[in-house]
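Structure, as structure tokens:
The values are calculated or read from the model by the stated rules, or taken from the named source; none is laboratory data. These numbers come from a predicted model, not from an experiment. Neighbour counts are summed over all protein chains in view; Cβ atoms, including those assigned to glycine, are modelled from backbone coordinates with ideal geometry. Heavy atoms of the whole protein, side chains included, go into the accessibility calculation; ligands, DNA and RNA do not. Shrake-Rupley method; radii C 1.70, N 1.55, O 1.52, S 1.80 Å.
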Amino acid sequence: QVRLAESGGGLVQAGGSLRLSCVASGHTFRLGWFRQAPGKEREFVAVISWSTGFTEYSDSVKGRFTITRDNAKNTVYLFMNSLKVEDTAVYYCTGDRTGNYEYDYWGLGTQVTVSS
């Protein structure tokens, strides 16, 4: 079982930036982020391959968010720029256990609130 611990959420004005971090206790094939806004389903945000660094983004954040990894620290980062009110959500770190986009590992989440 891999444990994931997120940090870096908070309150920011629209147009501002935040950085989220997620530390993994063990190996995963991919690490990424989902988010869930009040009254909405959890949605994919971004993911990065641990071995190749290949990244994928949802259309709603492409060009504004950047996901990176630090293999030495077993940590993935989500740099969020040009934040919008609609980015407000709980952001969850997730890990792909098998390499087949099976997100079996989840963190507890960190709140991101963007004010207008």
Subject >> Farthest positive-ward along segment 1-100 dipole, Cα basis, beta-carbon charges - from Gly99, Gly8, Ser25 >> reply: Ser25
Original post:
When we measure straight from the Cα of Lys40, which lysines land under 27 angstrom away, once same-chain ones fewer than 8 places off are left out?
Top reply: Lys62, Lys84
**OP:** For segment 80-95, take each phi angle, set θ = phi - 60°, evaluate the Karplus expression 6.51 cos²θ - 1.76 cosθ + 1.60, and give the result in whole Hz per residue in order, putting x for glycine and proline.
**Re:** 10, 10, 6, 5, 10, 4, 6, 7, 4, 4, 8, 9, 10, 7, 9, x
Original post:
Percent of accessible area on segment 1-63 owned by carbon and sulfur, 1.4 Å probe?
Top reply: 49
Original post:
For labels at Lys84 and Thr55 in the simple 7 Å Cα→Cβ model, what's the distance in nm?
Top reply: 1.9
Original post:
What order do you get for 88-96, 69-77, 11-19 when each peptide is scored by the mean count of other beta carbon atoms within 10 Å, highest first?
Top reply: 88-96, 69-77, 11-19
**OP:** Over all alpha-carbon pairs of segment 5-89, lay out the pair-distance distribution in 10 Å bins, whole %, shortest bin first.
**Re:** 17, 52, 28, 4
Original post:
Averaged per residue, what accessible surface does the chain expose to a 1.4 Å probe, in Å²?
Top reply: 52
**OP:** Return an integer: the convex hull volume of the alpha-carbon atoms of segment 66-116, in Å³ per residue.
**Re:** 102
